[in-house]
Amino acid sequence: MALTIGDLTVSYRQQGRWLDVVREVSLSIQPGQTYGLVGESGSGKTTLALAVMRYLGEHGRIRQGTIELAGLNLLTLDEASLVRARRDLIRLVPQNPQSSLNPSMRIGEQVAETLPGLSESEGKRRVLALLSSVRLPDPERVMQSYPHQLSGGMLQRVMIAMALSGEPALLILDEPTTNLDATTEAAILDLIRDLIRARRTAVLYVSHSLSLISQLCERVAVLYAGELVEDAPVGELFQRPLHPYTQGLLDSVPRIGQNKRAAELRPIPGQIPRAGERPPGCVFAPRCHLANALCEQARPPLDTPGEGRRVRCHRWPEIAAGAVGANQIVERYGFRVHAPTRQRTTHSAPPVVLAVTHLQKRFPVRRTLGEWLNARPPRQIEAVRGVDLEISRGRTLGLVGESGSGKTTVARCIIGLSERSGGEVALLDIPLAPSIAQRAPDLLRRLQMVLQNPDEALNPYLNVGEILGRPLQKLAGYAPADAARGVSRLLEAVKLDPATAARLPGQLSGGEKQRVAIARAFATRPDLILFDEPVSALDMSVQAAILNLIAELQRESRHSVLLISHDLAVVGYLADEVIVMYLGRAMEVARTEDIFTPPHHPYTEALLSAIPVMPRPGESPLTRAQPIHLDGDIPSPMDAPAGCPFHTRCPRSLGEICARQEPPWQVGQNGRRVFCHIPLDDLEKAQRTNSDREPRVDF
Amino acid sequence: MSAHQRLRSLTLMAVVLIALLAGCGAPAASPTTAPAAQRQGALRIAFEIPAKLDPAFASADSEIAILNAIYDYLIDVNTESKIVPRLAAQWTTSADGLTYTFTLASGAAFHDGSPVTAQDVVWTFDRLRDPQLKLPTSSLYENIAGITATGDKVVTFKLKQTNPFFLYDLSDNHALVLKAGTTDAATKFNGSGPFRVVSYSPENRMELAANDKYFIAGKPGLASLTFIFFKDQTASVNALRGGQVDLVMRMPSALFKTLQSEQGLTTVSIPTNGFDEVRLRADRKPGNDPRVVKAFKLATDRKAIFQTVSLGLGAAGRDSPIGPLFKAFYSEETPLPARDPKAAKDLLAQAGYPNGLKLDLHVPDSGDRPDLAVVLKEQWKDAGIDANVVVEPESVYYGNNGWLEVDLGITGWGSRPIPQFYLDVMLVTGAKWNEAHWSDAELDKLAKTAGTTLDEAERAKAYKDIQRILIERGPIIIPYFFAQFGAVKNTFTGFNLNAFAGRTDLAAIRVK
Amino acid sequence: MADEGAPPFLSVLYAQAASAFGTSVVLLFLFVAVFGPLFAPYSPTQQIASEARQPPSPQHWFGADRLGRDVFSRVVYGARDIISLAGLGSLLAVIAGTLFGLISGYRGGLFDELLFRLFDAFLSLPSLLLALLLLGTLGPSRNSVLIVIVFVYTPIVARVVRSVVLGVRHKGFIEAAQMRGEAGWYILFREILPSVLPALAVEAALRFSYAIFLVSSLGFLGVGVQPPNPDWGLMVSEGRNTISLTPWALYFPVGAISLLVIGVNLMADGVRRALQGEA
Ligand code: SF4
Ligand code: SF4
């Protein structure tokens, strides 16, 4: 065994009390094995990873248990040996490479530091070799660079290079791709997979995302509220989850191709209990629809339902036998199950609520003093370069793209928080002024936006009643006396207790905050609501509930929605139509039901191929054939490439013509439009023959 | 700095402030005494920082004290205000009182070795009286018709008019004899005095050593002398307490009181002719109304001031600069009216101030003056005078002649050996420092008589009348005469404090 | 703000021994400042010559000074003076600084740039030096001291406020207010100001204690409040000369300054802790 954790309990001191953050967790990793540790925030996964390195700080301590690494008992080591063990045996790839690299040292020097005892030329050779091994383009230049000169993806490659420079017994990956874009993330995962496949290093991969873990790990341990609730080979976990929580996690994020009209998501109600407020019986009991009296009284033991599987649930035999469904939904928490509805068919075409034509946005770049002195004209970032879109009443348009694609800028220009540089925006045929300050109150009322980060969207010093009451009075015409009733109704609409009105945002969970933010936008009964990444800041288990809420509110009030997301699955779930954006331009426009089937725009194709493929039982993600992923980063919008914006990374590029000439809009069935030189028929043919590239929508 | 750090440093500042103030009297090393043949011992004197060390410009005590150690006066004034020989061993006056002849002591020589000659004396006084040079002394000596060297060691002064105080004028603070032709008096210090300068670091200290060839037998008594400069008197006194210096002169009464109880010190307190003068401008409202002047005088309790502000040290004043030390001239004939705030209030009402009077009272921040102002404010309050005390640094109060401008002010006047000085510079019409801007024909006439007559009786009568006039109508209140204070380590002897501290004879001090 | 959950302010301050002590001291001084005239046995300027230099006794609890004034009464009235002067000064500075910081930080642009360059220039001078320079032109008086406090501390407060505003002004809840078409003043005072308040509360307490120190220092240097006002700094400066004659005239005002400054600081610390613990 490379790493053996036995019966480990870790406590943190909070306000004078010692609280168990990780409770009686055991697991072991063999050399060469990749082990995933999945859990939401508050699950204790990061604490567990830190405990392995004994980095707990003065407020944390290991209360009981053992940690053995390569035969060394880490808990009894003296300080000097511990430092040596950390240096020689453990490597960490952190979530945020920027903060782990010294900003004032060249990359080459920093990598060389991990290779002590080499001559200068030998060292340089090894550094170059390492940097090439992580597929960094132009490693010579990277060596000479400072961290700020490299993109996040490149830095993460550098971190991986450093992590693999020695022969560590254990490699810890702590959400290494969380801050990266989808295509970059996929490429990094490819890289890690290839590198560890070639070595005998034990890998502990910590992540909040089951689907990411499924791309890399042979085994997965699921943590919930500090406890290990399920542990199984990855394929079995996905196909036959035995713990209700695991099943809940799998159900609570939309899968590719799943749409709100076909099936509602099944959220896990409630939220993770805090460390001091764990229930006496099963920690999951308050949220578990299978909980019975026993569950609430007795803590379930960690059972072994089969070879290499462990589960901590009283009712696993029934679940395994299919007697009860792990994914059953009950009404207990006020979540209605409703039959999937078909879209209402209307005879006349619904009116257009929002029409955007040739929207442009340029940001001036501050000139440096030198540029200013040389009288260089100020440069500009072209964030949005001519986007057209239209949304009809009651419809949802999804805008999908990676960071830098300009999707958020489009939304901000529509709402008027950024002033557009060109183009027209009209709401219900009324032209909108570029700046929000110049718009009439009635237009403000009709157009609302739910901002990305619920933690920042609510004023922490105003209570929910004040936050919701203000738009009611200001825009919705409520008299002050009626506002309280209006607030209650709003809270009910977003499925919050009306008593929430008295609480401050700091007293709410992330999901509750997002509900309040949605309620605020909804308060003015707008014709159009813009959602900017409505679930990306939320824990998995609450995402489903928010997505359901967005769908349900729209179903009832028939407003239109513009949904901004980087996540094709989320867009696919909520939207009726999708626009794929890249470098400030639309690449493809299609109905949601069409977007997942060929012919795709090559960029859409790449995005789809970056979506994790769920493993089957008995299948190891390490040995599975992998689709080809995009390399490199999105070019800077300051100097966007000529011709097709995607040509620098396009795997299907036709060469010259793509680099020179702007592609035409190829029009296909159902109004599908693709911005590419390749005719749709050719695209479809190529994409259909390459079956490996087709995502398995079925799962 | 984080908010927390700032909190800490602020708290620390508070603590340090306590420690600083509480630790004023920390003891230090005892004085060192270096034995020598006849002259022995080293004396360290605390003084304010001297600014001008050219005798022609020097005026502060510290400056005069230093120069008096380095140079010699032609004739000197002793602690009883009597004229005594210095460079001049003897002198004669002609019958008509217009010719004075001085014979210099033999053996007097400058530190560079050259003897002091009559020519040096002539050169010195010609410089001081040269109207072209516009020195502060030029008007003092404008009565001199001519100075001649009538021998190697004999000098003759001829006057235009008789001057009964001419010898005092000759011993004026500025009148230190320089070597003829000296151009760099402020830096070279080639005097003939009892000490010679060894080193001088401005604003810090000056080291002097005994002049072994000094012409006066038995002087100086010390082997060396060090002036250590302090910014204020409190610091000087603390240095004496702490043993960093041996001698301190000039200090506020309260500080002196505290030294009296200190072990190992000899404290000396002598009355002087110096005083604090409260004056009201008499050339404009409200001081141009005699009733107002009278009201101020009636509202003031001088005895109480003498007791609380001066702590009973020195002498009580009677609104005139002619103090009890001038035994021949001082008079208590005219009674000082008793304090009567009610009457004062009535007078103000008559003068057109039925609701009282509101005035700024400007005070320099030195000595007991701020206390005097505060006590006056309290006393005057009963008479309906609301004085708003404005304390200013001395440099501000005297700077730009602001003190001559303000309506109501308190000015300190140093001790002089003759009363005529005060009349001539501060009371007669148009006098240079007539800060009250007062003009009284009767007083002018009396002052002129007193300043010129050779008849002592006539002069005494004039001074008595002047004292009456001032009590009756002078726009000034002089509540007390200062005491001059000094304190010295009791291992020294021969310390005879002069009313003008700078003129104290340091050469007479020796180790016990 | 909230109807529930937020414990009364004082009880938070009393949760810790140090801030409880500080708060008690401040409350004590506030009490003395407000009700002092009711129990001070003498007027602060009344001179009883016959009782000058009396040591502490039942008649003069803190003794009498060299002019026969009751030191206890002077300390009591001094508390009133210094707390009102430092309090009013720091209050005005906090108000002015908050306005500058809010408007300038929210508006940004050239005005903000120029204003804070200017403030930076002020801040680069030690505040005592700046105070002395100002007093040199204004002349010493109570009002001058007030102006000096406001002038010296406004930039400091403005800076603190502005830094909070800069951190908040692009947050979602501000944009949400803009989406509602809220007026500038509403956004400044209703949306932004509450976020500034915690830092402002600590800063106000700090400014108050610094102002006490500044007033005392100026009094001590003789350029601030003028005699015979019972200014503590002035009393210390005067008492220094008579330290062995009437030490009580020195030690009581020194003790009062130190106690109040330490008290305010400990309380400020408590305020900071309380607000941080909450937010
Ligand atoms: S033990 Fe009970 S409550 Fe816990 S997960 Fe199993 S069924 Fe649910
Ligand atoms: S136009 Fe060319 S480069 Fe662009 S997407 Fe199509 S094939 Fe790729």
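The values are calculated or read from the model by the stated rules, or taken from the named source; none is laboratory data. All values reported here derive from a predicted model rather than from experimental measurement. Please note: Cβ atoms are built from the backbone with ideal geometry, for glycine as well, and neighbour counts cover all protein chains shown. For accessibility, only protein heavy atoms count, side chains too; no ligands or nucleic acids. Shrake-Rupley method; radii C 1.70, N 1.55, O 1.52, S 1.80 Å.
Filter the stretch A:637-659 down to the residues that are buried (at least 19 other Cβ atoms within 10 Å of the Cβ) and outside any loop (DSSP other than H, G, I, E, B), then identify the one that is farthest from ligand 1 (Cβ to nearest atom).
So the residue we want is A:Cys658.
Which one is nearest to B:Asn434 (Cα to Cα), of the residues in the stretch B:287-319 that are small (Gly, Ala, Ser) and touching a strand residue (DSSP E or B) at 6+ places or on another chain (Cβ under 8 Å)? Can you show your working first?
Narrowing the stretch B:287-319 to residues small (Gly, Ala, Ser): B:287, B:295, B:299, B:304, B:310, B:312, B:314-317.
Those still in the list that are touching a strand residue (DSSP E or B) at 6+ places or on another chain (Cβ under 8 Å) too: B:287, B:295, B:299, B:310, B:314-317.
Values: B:Gly287: 14, B:Ala295: 21, B:Ala299: 23, B:Ser310: 25, B:Gly314: 25, B:Ala315: 24, B:Ala316: 23, B:Gly317: 19 Å.
Ranking the qualifying residues of the stretch B:287-319, first place goes to B:Gly287.
For residues that are within 7 Å of another protein chain (Cβ to nearest Cβ) and part of a loop (DSSP other than H, G, I, E, B), scanning just the stretch A:441-459, find the one that is farthest from A:Ala537 (Cα to Cα). Before you say what the answer is, go through the steps one by one.
Going through the stretch A:441-459, the residues within 7 Å of another protein chain (Cβ to nearest Cβ) turn out to be A:441, A:444, A:448-449, A:451, A:453, A:456-459.
Keeping just the survivors that are part of a loop (DSSP other than H, G, I, E, B) gives A:451, A:453, A:458-459.
Values: A:Leu451: 11, A:Asn453: 6, A:Leu458: 14, A:Asn459: 17 Å.
For the stretch A:441-459, the residue satisfying everything is A:Asn459.
Kindly indicate the residue of the stretch A:131-183 that is among the aliphatic types (A, V, I, L, M) and in contact with a Ser or Thr (Cβ under 6 Å, 6 or more places away or on another chain) and also modelled with the highest pLDDT among those meeting that condition.
Here the answer is A:Leu171.
Which of the residues that make up the stretch A:290-318 are near ligand 1 (Cβ under 8 Å from one of its atoms) and surrounded by 18 or more Cβ atoms within 10 Å (Cβ to Cβ)? Step through it out loud before you land on a result.
Let us first name the residues in the stretch A:290-318 that are near ligand 1 (Cβ under 8 Å from one of its atoms), namely A:290-292, A:294-296, A:300, A:312-316.
Of everything in the stretch A:290-318, those that are near ligand 1 (Cβ under 8 Å from one of its atoms) and surrounded by 18 or more Cβ atoms within 10 Å (Cβ to Cβ) turn out to be A:Leu290, A:Ala291, A:Cys295, A:Pro300, A:Arg312, A:Cys313, A:His314, A:Arg315, A:Trp316.
Being closer than 30 Å to A:Leu504 by Cβ, modelled with pLDDT of 85 or more and open to solvent by less than 10 Å² (accessible area, probe 1.4 Å), is that true of even one residue in the stretch C:88-95?
To start, the set of residues in the stretch C:88-95 that are closer than 30 Å to A:Leu504 by Cβ comprises C:90-91, C:93-95.
Now drop any that are not modelled with pLDDT of 85 or more, which leaves C:90-91, C:93-95.
Then keep just the ones that are open to solvent by less than 10 Å² (accessible area, probe 1.4 Å); that gives C:90, C:93.
Checking the stretch C:88-95: at least one residue is closer than 30 Å to A:Leu504 by Cβ, modelled with pLDDT of 85 or more and open to solvent by less than 10 Å² (accessible area, probe 1.4 Å).
Within the stretch B:248-259, is even one residue more than 27 Å from B:Phe306 (Cα to Cα), away from every other protein chain (no Cβ under 14 Å) and open to solvent by less than 20 Å² (accessible area, probe 1.4 Å)? Steps first, answer last, please.
Initial filter on the stretch B:248-259 (more than 27 Å from B:Phe306 (Cα to Cα)): none.
Checking the stretch B:248-259: not a single residue is more than 27 Å from B:Phe306 (Cα to Cα), away from every other protein chain (no Cβ under 14 Å) and open to solvent by less than 20 Å² (accessible area, probe 1.4 Å).
Restricting attention to the stretch C:96-126, which residues are open to solvent by 70 Å² or more (accessible area, probe 1.4 Å) and assigned to a helix (DSSP H, G or I)? Step through it out loud before you land on a result.
Of the stretch C:96-126, the ones open to solvent by 70 Å² or more (accessible area, probe 1.4 Å) are C:99-100, C:103, C:107, C:110-111, C:113-114, C:117-118, C:124, C:126.
Hits for the stretch C:96-126 are C:Leu99, C:Phe100, C:Ile103, C:Arg107, C:Leu110, C:Phe111, C:Glu113, C:Leu114, C:Arg117, C:Leu118.
In the stretch B:160-167, is there at least one residue being more than 14 Å from every other protein chain (Cβ to nearest Cβ) and of a type in the set (Val, Ile, Thr)?
Of all residues in the stretch B:160-167, those more than 14 Å from every other protein chain (Cβ to nearest Cβ) come to B:160-167.
This time we only want the ones that are of a type in the set (Val, Ile, Thr), so: B:162.
Looking through the stretch B:160-167, at least one residue is more than 14 Å from every other protein chain (Cβ to nearest Cβ) and of a type in the set (Val, Ile, Thr).
So which residues in the stretch A:379-401 are within 18 Å of A:Ser565 (Cβ to Cβ) and open to solvent by 50 Å² or more (accessible area, probe 1.4 Å)?
The first filter runs over the stretch A:379-401 and keeps only residues within 18 Å of A:Ser565 (Cβ to Cβ), leaving A:383-384, A:387, A:389, A:391, A:395-401.
Scanning the stretch A:379-401 gives a single hit, A:Arg395.
All but one of (1) crowded, with 19+ Cβ neighbours inside 10 Å; (2) more than 25 Å from A:Val674 (Cα to Cα) hold for A:Gly406, so report the exception by its number.
Failed condition: (2).
Collect the residues in the stretch C:237-252 that are open to solvent by 10 Å² or more (accessible area, probe 1.4 Å) and not in a helix (DSSP H, G or I), keeping them in residue-number order.
Once the filter is applied, which keeps residues that are open to solvent by 10 Å² or more (accessible area, probe 1.4 Å) and not in a helix (DSSP H, G or I), the stretch C:237-252 yields C:Ile243, C:Ser244, C:Leu245, C:Pro247.
Can you pull out the strands (runs of 3 or more DSSP E) entirely within the stretch A:1-93 that have at least 2 residues that are more than 32 Å from the chain's Cα centre (by Cα)?
Details: elements: A:3-14, A:17-29, A:34-38, A:60-69, A:90-93.
Those strands (runs of 3 or more DSSP E) span A:17-29, A:60-69.
Limited to the stretch B:265-297, what total is found for residues that are more than 14 Å from chain C (Cβ to nearest Cβ), open to solvent by 20 Å² or more (accessible area, probe 1.4 Å) and out of contact with any Ser or Thr (no Cβ under 8 Å at 6 or more places or on another chain)? Walk me through it before giving the result.
Going through the stretch B:265-297, the residues more than 14 Å from chain C (Cβ to nearest Cβ) turn out to be B:266, B:268-297.
The next check asks that each one be open to solvent by 20 Å² or more (accessible area, probe 1.4 Å); those that pass are B:266, B:268-271, B:282-285, B:288-291, B:294.
Then drop every residue that is not out of contact with any Ser or Thr (no Cβ under 8 Å at 6 or more places or on another chain), which leaves B:266, B:268-269, B:271, B:284-285, B:288-291, B:294.
Matching residues across the stretch B:265-297 total 11.
With respect to B:Phe47, is the statement that it is at pLDDT below 95, part of a strand (DSSP E or B), surrounded by 14 or more Cβ atoms within 10 Å (Cβ to Cβ) and not small (Gly, Ala, Ser) true? Working first, answer last.
Working: at pLDDT below 95: yes; part of a strand (DSSP E or B): yes; surrounded by 14 or more Cβ atoms within 10 Å (Cβ to Cβ): yes; not small (Gly, Ala, Ser): yes.
Considered against the rule, which asks whether it is at pLDDT below 95, part of a strand (DSSP E or B), surrounded by 14 or more Cβ atoms within 10 Å (Cβ to Cβ) and not small (Gly, Ala, Ser), B:Phe47 comes out as yes.
Within the stretch C:211-236, take every residue that is farther than 20 Å from C:Ser127 by Cα and over 18 Å from the mean Cα position of the chain (by Cα) and give me the one that is surrounded by the fewest Cβ atoms within 10 Å (Cβ to Cβ).
The extreme case among them is C:Asn229.
Which condition number in (1) modelled with pLDDT under 85; (2) within 14 Å of ligand 1 (Cβ to nearest atom) is the one that A:Leu210 fails?
(2)
Does A:Arg470 satisfy the criteria of being under 34 Å from the mean Cα position of the chain (by Cα), more than 8 Å from chain C (Cβ to nearest Cβ) and either crowded, with 16+ Cβ neighbours inside 10 Å or not charged (D, E, K, R) (or both)?
Against the criterion (under 34 Å from the mean Cα position of the chain (by Cα), more than 8 Å from chain C (Cβ to nearest Cβ) and either crowded, with 16+ Cβ neighbours inside 10 Å or not charged (D, E, K, R) (or both)), A:Arg470 does not qualify.
Among the residues of the stretch A:192-205, which ones are surrounded by fewer than 22 Cβ atoms within 10 Å (Cβ to Cβ) and within 22 Å of the chain's Cα centre (by Cα)?
Result: A:Arg193, single match.
Tell me which of these B:Val116 doesn't satisfy, since it passes every other one: (1) of a type in the set (Val, Ile, Thr); (2) open to solvent by less than 30 Å² (accessible area, probe 1.4 Å); (3) farther than 30 Å from B:Thr226 by Cα.
(3)
Taking the condition open to solvent by less than 30 Å² (accessible area, probe 1.4 Å), more than 14 Å from every other protein chain (Cβ to nearest Cβ) and in a helix (DSSP H, G or I), does A:Val425 pass?
Values: open to solvent by less than 30 Å² (accessible area, probe 1.4 Å): yes; more than 14 Å from every other protein chain (Cβ to nearest Cβ): yes; in a helix (DSSP H, G or I): no.
Here the answer is no, as A:Val425 does not meet what is asked.
Among the residues that make up the stretch B:329-352, is at least one of them part of a strand (DSSP E or B) and open to solvent by 30 Å² or more (accessible area, probe 1.4 Å)? Reasoning before the result, please.
Filtering the stretch B:329-352 down to residues part of a strand (DSSP E or B) leaves none.
For the stretch B:329-352, residues part of a strand (DSSP E or B) and open to solvent by 30 Å² or more (accessible area, probe 1.4 Å): absent.
Could you check the stretch C:127-229 for helices (runs of 4 or more DSSP H) lying wholly inside it with 3 or more residues that are more than 14 Å from chain A (Cβ to nearest Cβ)?
Numbers: elements: C:127-138, C:142-168, C:172-179, C:193-221.
Once the helices (runs of 4 or more DSSP H) in the stretch C:127-229 are filtered for at least 3 residues that are more than 14 Å from chain A (Cβ to nearest Cβ), what remains is C:127-138, C:142-168, C:193-221.
If you go through the stretch B:394-416 one residue at a time, do you hit one that is away from chain C (no Cβ under 14 Å) and among the β-branched types (Val, Ile, Thr)?
There is at least one residue in the stretch B:394-416 that is away from chain C (no Cβ under 14 Å) and among the β-branched types (Val, Ile, Thr).
Any residue in the stretch A:669-684 that's more than 14 Å from chain C (Cβ to nearest Cβ) and within 10 Å of ligand 2 (Cβ to nearest atom): show its pairings with residues that are open to solvent by 20 Å² or more (accessible area, probe 1.4 Å) and hydrophobic (A, V, I, L, M, F, W, C) at Cβ separation under 6 Å, as long as the two are six or more apart or on different chains.
Listed pairs, sorted by first residue: A:Phe675/A:Trp665; A:His677/A:Leu654; A:His677/A:Ile657.
Among the residues of the stretch A:102-122, which ones are at pLDDT below 85 and open to solvent by less than 60 Å² (accessible area, probe 1.4 Å)?
Answer for the stretch A:102-122, where residues must be at pLDDT below 85 and open to solvent by less than 60 Å² (accessible area, probe 1.4 Å): A:Thr114, A:Leu115.
Name, by its number, the condition in (1) in contact with a Phe, Trp or Tyr (Cβ under 6 Å, 6 or more places away or on another chain); (2) in a helix (DSSP H, G or I); (3) not hydroxyl-bearing (Ser, Thr, Tyr) that does not hold for C:Phe62.
(2)
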